[in-house]
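Taken together, the values in this text are just the output of simple stated rules run on the coordinates, not laboratory data. On a predicted model such as this, the values are computed, not experimentally measured, just so you know. Note: ideal-geometry Cβ built from the backbone for every residue, glycine included; neighbour counts use all protein chains shown.
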Amino acid sequence: MNEKLTPNPYGVSPSTPYTSSEEAQSQTTAPIYKSNTLAITSLVLGLLSILFYFLTAIPGIITGHIARSRAKKMPDRYEGKGMALAGLILSYIMLVVSIVFIAGAFYLFTNNPEFKDAFMQGMKEGLPQANQ
């Protein structure tokens, strides 16, 4: 069993010689990179919901829940639970703000005749007149 090892062309010799191809293959596999794309997407959509309200808040909530679920079920493949949570919090807050804003506007429009008249007058003045 006195086998002579051939010199390594890279100048570094392995600490233990491989006895089978399976051992050699297991030592040379590429590392598995964790994905956090959905978590980043949820965070970005949550931040954008500050400007676009519910238009980006709803997709932010969906992607945030998917990202958190994947990170919990498969932590070896997915990461970003914190980013997904931040996106969820921002998205939920802005969704509530959007609902309150829409409800408030609806209330003003239906229960305040002065607001309704001013709104309708502004709409008439803002529309171009065909016959002048």
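Treating each Cα of the range 37-109 as an identical point scatterer and summing with the Debye formula, the log10 of I(q)/I(0) at q = 0.13, 0.15, 0.21 Å⁻¹ comes to -0.37, -0.46, -0.73. Count Lys and Arg as plus one, Asp and Glu as minus one, and take only other residues whose Cβ is under 15 Å from that of THR110; the net charge is then -1. Straight-line cross-link reach from LYS81 at under 28 Å between alpha-carbon atoms covers these lysines, not counting any fewer than eight positions away in the same chain: LYS34, LYS72, LYS73. Listed by Cβ neighbour count within 10 Å, with the fewest neighbours leading, ILE32, ILE93 appear as ILE32, ILE93. Arranged from fewest to most other beta-carbon atoms within 10 Å of their beta carbon, SER98, SER69, SER49, SER42 become SER69, SER98, SER49, SER42. Extending 7 Å from the Cα toward the beta-carbon at both SER35 and MET123 defines two label points whose distance is 4.6 nm.
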